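The values are calculated or read from the model by the stated rules, or taken from the named source; none is laboratory data. Every value quoted in this text rests on a predicted model; they were computed, and no experiment measured them. Cβ atoms come from the backbone with ideal geometry, glycine included; neighbour counts cover every protein chain shown. Quick note on the areas: whole protein, heavy atoms, side chains included, nothing else; ligands and nucleic acids left out. Shrake-Rupley method; radii C 1.70, N 1.55, O 1.52, S 1.80 Å.
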Amino acid sequence: MNATPKFAFDSPKEAIDALSRRIGTTGVQRVEIGESHDSLRSLHRRVLATPILADRDSPAADVSAMDGYAIRESDLLKEGPIEVTGESVPGSPPPPESVTGVIRIFTGAIIPDGCDRVIQREHTDETTAASPPDSSSLGQIQWTDNAKTIPSGANIRRQGENLSAGSIAVKAGLELTSPRLAALTNFGIQQVDLHAPVRVAVLTTGDELASATNSVQSLLPPWKIRNSNASALLGLLANQPWIDCAPPMHAIDEPAALLTAVQHAIEHHDVVLMTGGVSMGDYDYVPRILREAGAEIVFHKLPLRPGKPILGAVHQSESKSTLILGLPGNQVSATMGARRFAMPLIRKLAGMTNWEEFPPLVMLEEVSEKTLPLHWLRGVRMTQPGLAALVIGKGSGDVATLAATDGFIEMPPHANHAGPWPYFAW
């Protein structure tokens, strides 16, 4: 009777958490903010290393929440037509309070001294000025019954009610998204501390991969394949301002050459993504080479399909910790493994406080009767919001079927119902 295989961790999440505890974050870069749009554009989705503080109260003064009339309570006692003696408009100081009339005010304008509420324009009857053209009158109003029910403090946004000066406007560890760039400008930030982008090396292995000089040719001998893993990983890493991905490297199945490549990748990068060489074959040197390079292997093999041979390691030096993921060489395993394991951990290295994934949940249109005693990553195609169809492939080397997917779901061992299941989009 075969013994149940033992794994260092029972789930992808446990393995990811174990690696996360062994890695830090990248260093800090201070960036001066210019006045051009290009300067702000270059900050988009970079990760804050220190918080953005409010340089003044928000709002900076009491302001009107709508168009209307800034008044004192005693103004509501006035009968008959009331003169409009001034206007408070956004971008200008307010006029002095009026003893004989009321002040028209517009949304965002400062409340004049002495006024305690704003009456909406729709709660008044307005008339144009009957005075001569050179008169200072801005018209007249009369109160409606609704106006007299407006309480003190109504329709006024108080100074500092959004945020007081010196308070945190944007926390550290967040990406500078569009609203956060707005906050940065709103609070007059002239320089910002950002985490340096995570330097990622993609290192493929294997003598079966065609060289760069003939990888694009249409005809290859049947014992050679093109390096599609490098393309898949580069695609996952692309267009992320918090990732600095180096051109892919390749090492043949020869221990000395592989050790040299691994040592170089560790020295110059924060993350090393390797494909191939992690199984049990005679030419699978990666676990041995990583130990020789001084890395700690945190796990090798997980209860996972595809990608059971996956390896997670960390190399610690005085200056930094380098995350190393050894992904199986089969394309489906490598691509799904990189998406599931590498991306959240790279976010952790990038300094994001919300690095852990909370994937959306989807239901399956149909479910097969087959189950596995493993965590099962299954390619799917989205058919409606929240609804997905399984894309059944021919194995972990079936790139054509993988290309037909929008992402994959993760099912726990022995599961075969419709869900909902966590969905990881490409």
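Among the numbered criteria (1) farther than 20 Å from PRO12 by Cβ; (2) of a type in the set (A, V, I, L, M); (3) open to solvent by less than 50 Å² (accessible area, probe 1.4 Å); (4) within 23 Å of the chain's Cα centre (by Cα), which one does MET382 miss?
Going through the list (1) farther than 20 Å from PRO12 by Cβ; (2) of a type in the set (A, V, I, L, M); (3) open to solvent by less than 50 Å² (accessible area, probe 1.4 Å); (4) within 23 Å of the chain's Cα centre (by Cα), MET382 breaks only (3).
Taking the condition open to solvent by less than 10 Å² (accessible area, probe 1.4 Å) and either in contact with a Leu (Cβ under 6 Å, 6 or more places away or on another chain) or hydrophobic (A, V, I, L, M, F, W, C) (or both), does MET363 pass?
no
Filter region 44-85 for residues that are over 15 Å from ILE103 (Cβ atoms) and among the acidic types (Asp, Glu); which is farthest from the chain's Cα centre (by Cα)?
This residue is GLU79.
Within region 297-323, which residues are crowded, with 23+ Cβ neighbours inside 10 Å and over 29 Å from the mean Cα position of the chain (by Cα)?
Residue satisfying the conditions is PRO309 alone.
Mind listing whichever residues of region 286-296 are without any contact (Cβ under 8 Å) to a residue 60 or more places away in the chain, of a type outside the set (Gly, Ala, Ser) and open to solvent by less than 40 Å² (accessible area, probe 1.4 Å)?
Correct list: PRO287, ILE289, LEU290.
Per-residue answers, yes or no, for (1) buried (at least 17 other Cβ atoms within 10 Å of the Cβ); (2) assigned to a loop (DSSP other than H, G, I, E, B); (3) of a type in the set (S, T, N, Q):
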residue	(1), (2), (3)
HIS250	yes, no, no
THR260	no, no, yes
HIS264	no, no, no
LEU273	yes, no, no
GLY281	no, yes, no
ASP284	yes, yes, no
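Among what's in region 76-104 and is within 16 Å of GLY139 (Cα to Cα) and of a type in the set (Asp, Glu), pick the residue that is least open to solvent (accessible area, probe 1.4 Å).
Across region 76-104, the extreme among qualifying residues is GLU83.
To keep it simple, each residue is scored yes or no on (1) touching a helix residue (DSSP H, G or I) at 6+ places or on another chain (Cβ under 8 Å); (2) at pLDDT 95 or above; (3) within 23 Å of PHE341 (Cβ to Cβ).
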{"residue": "THR213", "(1), (2), (3)": "no, no, no"}
{"residue": "ALA230", "(1), (2), (3)": "no, no, yes"}
{"residue": "ASN239", "(1), (2), (3)": "no, no, yes"}
{"residue": "ILE243", "(1), (2), (3)": "yes, yes, yes"}
{"residue": "PRO248", "(1), (2), (3)": "yes, no, yes"}
{"residue": "ASP253", "(1), (2), (3)": "no, no, no"}
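Filter the strands (runs of 3 or more DSSP E) completely within region 295-409 down to those with at least 2 residues that are modelled with pLDDT of 95 or more and within 28 Å of THR25 (Cα to Cα).
296-300, 311-316, 321-327
With ALA415, ALA400, ALA389 as the choices, which residue is of a type in the set (A, V, I, L, M), over 30 Å from GLY294 (Cα atoms) and touching a Lys or Arg at 6+ places or on another chain (Cβ under 6 Å)?
ALA389
Can you tell me which residue within region 176-210, out of those that are in a loop (DSSP other than H, G, I, E, B) and of a type in the set (S, T, N, Q), is surrounded by the fewest Cβ atoms within 10 Å (Cβ to Cβ)?
GLN190
Looking at (1) modelled with pLDDT under 95; (2) out of contact with any Asp or Glu (no Cβ under 8 Å at 6 or more places or on another chain); (3) over 15 Å from LEU203 (Cα atoms), which one does TYR283 not meet, given that it meets all the others?
So the condition that TYR283 fails would be (2).
ALA403 is checked against (1) farther than 22 Å from HIS300 by Cα; (2) within 25 Å of the chain's Cα centre (by Cα); (3) surrounded by 17 or more Cβ atoms within 10 Å (Cβ to Cβ) and fails just one. What number does that condition carry?
Looking at each condition in turn, ALA403 falls short on (3).
Only residues that are out of contact with any Cys (no Cβ under 7 Å at 6 or more places or on another chain), crowded, with 17+ Cβ neighbours inside 10 Å and modelled with pLDDT of 95 or more: list them for region 66-75, please.
MET66, GLY68, TYR69
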